[in-house]
Amino acid sequence: MESEMEKIRKLEEIANRIRIHVVKMIGCSGIGHAGGAVSMAEILSVLYFQEMRLDPLRPDWDDRDRFILSKGHGCPALYATLAEAGIIPMDLLPTLHETESPLQMHPELGICPGIEMSTGALGQGLSAGIGMALGAQWKRKDFRVYVLIGDGESAEGQVWEAAMFAGHRRLDNLTAILDYNRFSLTGRVEKVMPLEPLSDKWTAFGWHVVRVDGHSVTGLIQAFRLAREEKGRPTLIVADTIKGRGISYVENTASSHSISMTATELAGTLRELGCSPGEIEHAVSVRKEYR
Amino acid sequence: MENQLAPRDVLGQTLIELAEEDSSIAVLDADFCTASKITAFRDRFPDRFIQVGIAEQNMMSMAAGLSTVGFTCFASTICAFCSRRACDQVMTSIALPNLNVKIIGLYAGLFVGKNGASHQSLEDIGIMRSMANMTVVQPLDARETIQVLRYAARHRGPMYMRIGRDPLPQYVPDDYVFRPGGSITLRPGGDVALLAYGDLMPQVMSAAEGLASKGIQARVVNMSSLKPIDEEAVRAAARETGRIVTVDNHNIFGGLGSAVAEVIAEKAPARLRRIGVRDVFGKSGTNAEMLARFHLRADDIEKEVRDFLGPRFHAGNAPG
Ligand SMILES: Cc1ncc(C[n+]2csc(CCOP(=O)(O)OP(=O)(O)O)c2C)c(N)n1
Ligand SMILES: [Mg+2]
């Protein structure tokens with residue numbers, strides 16, 4: 001039995017590896033949505049390596065838990081997680097954004113194992129998750145459904161249509177996670193379209209709301225446990241995060257949303273994330289300029 | 001290449017100039033102004049700029065309401081989300097009551113950075129063109145974009161503008177004035193007519209040069225006014241060349257090819273070949289990768305035209 005401390009250390013390490021993959025994928029392919037990918041590294045680590053019921057050898061197993069990345073542009077982190085979990089091959093990661101790659105710039109159902117829904121047009125994932133959660137109930141299956149939404153995305157009316165429905169139908173097999181990284185594309189969420197009082201709003205819509213530091217593995221483990229134990233209500237986990245977390249030169253800025261990295265920025269970031277000189281040299285040598 | 005402008009480069013400045021002349025101009029944005037470069041307007045006229053957040057449907061109906069109080073509204077976001085996401089709001093709140101809302105769509109067709117299928121707009125011309133009261137335009141270059149925006153500010157009624165993302169040469173003459181239902185002949189020719197618009201024009205023009213080097217004179221017409229379409233230009237092309245090729249940065253269903261086919265079928269018999277995205281979804285990739293993947297490079301267009309004309313075609317033959 002691994003100790004609690006070892007487990008936490010392992011999940012933190014995986015989160016760090018997810019960040020490294022994301023930086024390499026985006027840094028080397030020329031451009032990508034980095035800020036909202038790295039802000040959810042711990043959330044994905046805890047979901048895929050602690051919380052969710054999955055069988056990497058059978059990604060389409062009927063009884064698997066489902067995860068939908070509603071803010072699809074963050075998918076480099078999801079692809080990295082799927083590779084870490086053994087659901088897609090690791091050597092697929094460098095094909096990010098290539099025309100014939102299953103790793104498109106927004107995730108597509110049917111071309112990449114482990115992707116449960118096509119997203120990219122914001123606002124639709126929670127509704128799709130509701131469909132899956134209802135389907136589970138009708139088929140008397142006990143799988144759970146997790147949907148990750150963005151704070152900027154939360155301005156979409158459909159998010160609130162879905163929230164109202166899930167509350168009304170008391171879908172306790174559904175958990176939404178809000179990556180509250182404080183920035184959308186053009187600026188601060190607080191200025192673009194503020195969400196507060198966020199917890200009050202979701203509670204009024206019939207949801208159980210848990211607030212947590214989205215970069216704390218321990219906090220997230222606890223939050224997901226509370227969500228699982230809650231009966232008769234869906235849960236929203238409000239995860240306070242930092243956009244661009246781990247890419248220090250753009251951390252906590254709107255410009256982290258979509259970035260191209262120079263060779264120096266790529267090398268410096270990988271160094272800060274603890275990569276070896278050889279690993280960094282290799283990444284820089286395969287880096288492509290964004291045309 | 002260096003000093004070429006993209007149509008989107010002139011959006012912010014032109015909207016500022018229009019608002020300086022006309023206090024009824026208002027601009028709405030759905031969390032995209034940094035990419036559309038409308039930030040210049042936001043910073044100059046914060047009181048006439050509305051940031052709605054990522055809520056395209058809300059934005060369209062809101063613009064409709066604002067226009068009823070006497071404002072000329074420019075509502076802007078990605079083409080795909082103007083048309084697909086807010087389709088019914090555009091129809092019921094804007095087109096049906098015939099309100100003074102100008103929709104500015106960015107990221108036209110396949111050229112959306114590397115964003116891929118969800119962000120590519122291969123349906124928007126078809127969607128917008130099929131709504132009564134709606135004028136649909138894709139200005140060709142930065143200069144025509146300024147003209148189209150000026151027209152939009154002066155004329156009442158709904159309009160959809162599809163704005164290219166990337167730089168291209170100036171094609172329209174300096175003294176050009178945009179008129180809906182008009183077109184510009186960029187190159188004369190009597191063997192075949194290439195009708196096109198927007199960011200594929202460089203490919204179309206160099207295909208025409210390639211054809212010319214083989215003795216085939218291709219007329220090239222910029223059909224920026226997608227609705228109303230310049231019927232006279234289509235009829236003239238039919239009459240004078242007998243063979244028309246359309247080039248769409250859009251699905252072949254619903255785009256310029258469809259619009260031209262409608263004119264030909266009812267009013268001007270001619271042979272037609274539609275080049276465009278052949279009823280498949282897009283992919284991630286650079287513009288160059290998209291051109292190759294969807295057979296829209298100059299060479300592809302030239303080959304397609306020669307195939308259309310047939311092996312026995314000799315320049316100067318009467319249309320047959
Ligand atoms: C319907 C729709 N409108 C606009 C966009 C363009 N867009 C892509 S990401 C983004 C900002 C998203 O912000 P947020 O949800 O906070 O994501 P994060 O900060 O986690 O990256 C926008 C406006 C889109 N993808 N879908
Ligand atoms: Mg955000």
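The values are calculated or read from the model by the stated rules, or taken from the named source; none is laboratory data. It should be emphasised that the depicted structure is a prediction, and the values quoted were computed from it without experimental measurement. As a convention, Cβ positions derive from the backbone with ideal geometry for all residues, glycine included, and neighbour counts pool all protein chains shown. Heads up: the accessible areas ignore ligands, DNA and RNA and are worked out on the full protein's heavy atoms, side chains in. Shrake-Rupley method; radii C 1.70, N 1.55, O 1.52, S 1.80 Å.
Quick one: how many residues across the stretch B:275-296 are outside any helix (DSSP H, G or I) and surrounded by fewer than 20 Cβ atoms within 10 Å (Cβ to Cβ)?
Residues meeting the conditions: 6.
Counting just the residues of the stretch B:256-274 that are in contact (Cβ under 8 Å) with a residue 24 or more places away in the chain and touching a Leu at 6+ places or on another chain (Cβ under 7 Å), which one comes out farthest from B:M201 (Cα to Cα)?
B:I264
Just one of the numbered conditions (1) assigned to a helix (DSSP H, G or I); (2) under 23 Å from A:I177 (Cα atoms) is not true of A:P59; which one?
So A:P59 meets the others, but not (1).
State whether one or more residues within the stretch A:128-143 are within 14 Å of chain B (Cβ to nearest Cβ), touching a residue at least 12 places away in the same chain (Cβ under 8 Å) and either farther than 24 Å from A:I14 by Cα or surrounded by fewer than 20 Cβ atoms within 10 Å (Cβ to Cβ) (or both).
yes
If I filter the stretch A:197-212 for residues that are in contact with an Asp or Glu (Cβ under 6 Å, 6 or more places away or on another chain), of a type outside the set (S, T, Y) and crowded, with 24+ Cβ neighbours inside 10 Å, do I get at least one hit?
no
Can you find a residue that is within 14 Å of another protein chain (Cβ to nearest Cβ), surrounded by fewer than 23 Cβ atoms within 10 Å (Cβ to Cβ) and closer than 14 Å to A:A239 by Cα anywhere in the stretch A:187-195?
yes
Take the residues of the stretch A:196-215 that are touching a helix residue (DSSP H, G or I) at 6+ places or on another chain (Cβ under 7 Å) and not hydrophobic (A, V, I, L, M, F, W, C): which is farthest from A:F49 (Cα to Cα)?
A:G206
Could you look through the stretch A:131-184, keep only residues that are in a helix (DSSP H, G or I) and of a type in the set (D, E, K, R), and pick out the one that is farthest from ligand 2 (Cβ to nearest atom)?
A:E161
Can you say whether A:V22 is within 16 Å of ligand 2 (Cβ to nearest atom) and part of a helix (DSSP H, G or I), as far as the supplied structure shows?
yes
Taking A:A162 as the residue in question, decide whether it is more than 16 Å from the chain's Cα centre (by Cα) and away from chain B (no Cβ under 12 Å).
yes
Out of (1) under 15 Å from B:S118 (Cβ atoms); (2) facing chain B (nearest Cβ under 10 Å); (3) buried (at least 24 other Cβ atoms within 10 Å of the Cβ), the odd one out for A:A121 is which?
Just one mismatch for A:A121, condition (3).
Within the stretch B:93-117, can you find the residues that are within 19 Å of the chain's Cα centre (by Cα) and open to solvent by 20 Å² or more (accessible area, probe 1.4 Å)?
Selection gives B:Y107, B:A117.
Restricting the search to the stretch A:262-291, which residues are within 14 Å of another protein chain (Cβ to nearest Cβ) and of a type outside the set (D, E, K, R)?
Result: A:Y290, single match.
Conditions first: (1) open to solvent by less than 10 Å² (accessible area, probe 1.4 Å); (2) within 16 Å of ligand 1 (Cβ to nearest atom); (3) away from every other protein chain (no Cβ under 14 Å). A:C75 passes all but one, so which condition is the exception?
So A:C75 meets the others, but not (3).
Please find, among B:R143, B:R156, B:R150, the residue that is assigned to a loop (DSSP other than H, G, I, E, B) and closer than 30 Å to B:V90 by Cα.
Going through B:R143, B:R156, B:R150 in turn, just one is assigned to a loop (DSSP other than H, G, I, E, B) and closer than 30 Å to B:V90 by Cα: B:R156.
Can you tell me which residues in the stretch B:123-142 are in contact (Cβ under 8 Å) with a residue 60 or more places away in the chain, away from ligand 1 (no atom under 16 Å from the Cβ) and not polar (S, T, N, Q)?
Correct list: B:I125, B:G126, B:M128, B:R129, B:M134, B:V136, B:V137, B:P139, B:L140, B:D141, B:A142.
Look through B:A292, B:A261, B:A233, B:A265 and report the one residue that is closer than 30 Å to A:E108 by Cα and at pLDDT 95 or above.
Residue meeting the stated conditions: B:A292.
Looking only at the stretch A:29-47, decide whether some residue is more than 16 Å from ligand 1 (Cβ to nearest atom) and open to solvent by 40 Å² or more (accessible area, probe 1.4 Å).
Within the stretch A:29-47, not a single residue is more than 16 Å from ligand 1 (Cβ to nearest atom) and open to solvent by 40 Å² or more (accessible area, probe 1.4 Å).
Would you check if there is a residue in the stretch B:57-77 being within 16 Å of ligand 1 (Cβ to nearest atom), closer than 25 Å to B:L200 by Cβ, open to solvent by less than 50 Å² (accessible area, probe 1.4 Å) and among the polar types (S, T, N, Q)?
Yes, that holds for at least one residue.
Got a number for residues in the stretch B:82-92 being surrounded by fewer than 21 Cβ atoms within 10 Å (Cβ to Cβ) and small (G, A, S)?
Here the count works out to 0.
Which residues, taken from the stretch A:238-261, are within 14 Å of chain B (Cβ to nearest Cβ), within 12 Å of ligand 2 (Cβ to nearest atom) and not in a loop (DSSP other than H, G, I, E, B)?
A:A254, A:S256
Out of A:G114, A:G86, I need the residue that is assigned to a loop (DSSP other than H, G, I, E, B), open to solvent by 40 Å² or more (accessible area, probe 1.4 Å) and away from chain B (no Cβ under 11 Å). Which one?
A:G86
Applying the selection to the stretch A:1-49, what residues are closer than 20 Å to A:I280 by Cβ and in contact with a strand residue (DSSP E or B) (Cβ under 6 Å, 6 or more places away or on another chain)?
A:I26, A:A34
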